[in-house]
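Q: Below: one structure in structure tokens.
Read-outs throughout are calculated quantities, based only on the coordinates presented, and are distinct from any laboratory measurement. Predicted, not measured: the structure shown is a model, and the values here were computed from it. Cβ placement follows ideal geometry from the backbone for every residue including glycine, while neighbour counts extend to all protein chains displayed.
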């Protein structure tokens with residue numbers, strides 16, 4: 001009897017496992033099959049979009065750069081037109097004999113017949129300025145000639161840059 005009982009329980013267990021397997025298979029048949037989220041069409045669409053972006057990126061960048069260049073050229077053309085207008089006005093002023101006479105007197109120190117011209121020289125440096133000038137001359141005597149040449153060119157350039165332009 002002990003052997004029958006064991007075999008019956010073993011049989012029941014096997015029948016239960018078979019029934020459970022059938023239930024799982026039936027449930028699997030009722031469930032729709034899982035589809036891949038990225039289908040072939042979607043992958044192709046993504047590939048085409050990426051190709052379009054890559055193909056249009058360079059021409060778009062070129063277009064933007066060219067628009068910027070065009071804007072720069074327009075600004076330069078406007079400045080050139082303004083400069084031409086200024087030069088025309090200056091040319092018209094130079095056509096006036098009174099303006100020419102004034103400029104000659106002012107810049108070239110021309111005097112009319114009967115007038116006496118005077119040139120006023122700058123006063124000689126005194127005090128600290130004279131001492132600085134002597135110190136500079138003494139230092140220049142002990143330096144090589146090319147250092148003195150460069151210093152004189154630098155001073156001349158600084159004086160020219162500081163002078164007002166007419």
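Table: residues versus (1) without any contact (Cβ under 8 Å) to a residue 60 or more places away in the chain; (2) exposed (fewer than 10 other Cβ atoms within 10 Å of the Cβ); (3) more than 30 Å from residue 112 (Cβ to Cβ).
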{"position": "29", "(1), (2), (3)": "yes, yes, yes"}
{"position": "44", "(1), (2), (3)": "yes, no, yes"}
{"position": "47", "(1), (2), (3)": "yes, no, yes"}
{"position": "83", "(1), (2), (3)": "yes, no, yes"}
{"position": "91", "(1), (2), (3)": "yes, yes, no"}
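Q: Name every residue in the range 93-117 that is surrounded by 11 or more Cβ atoms within 10 Å (Cβ to Cβ) and either in contact with a strand residue (DSSP E or B) (Cβ under 8 Å, 6 or more places away or on another chain) or not in a helix (DSSP H, G or I) (or both), in order of residue number.
A: 110, 111
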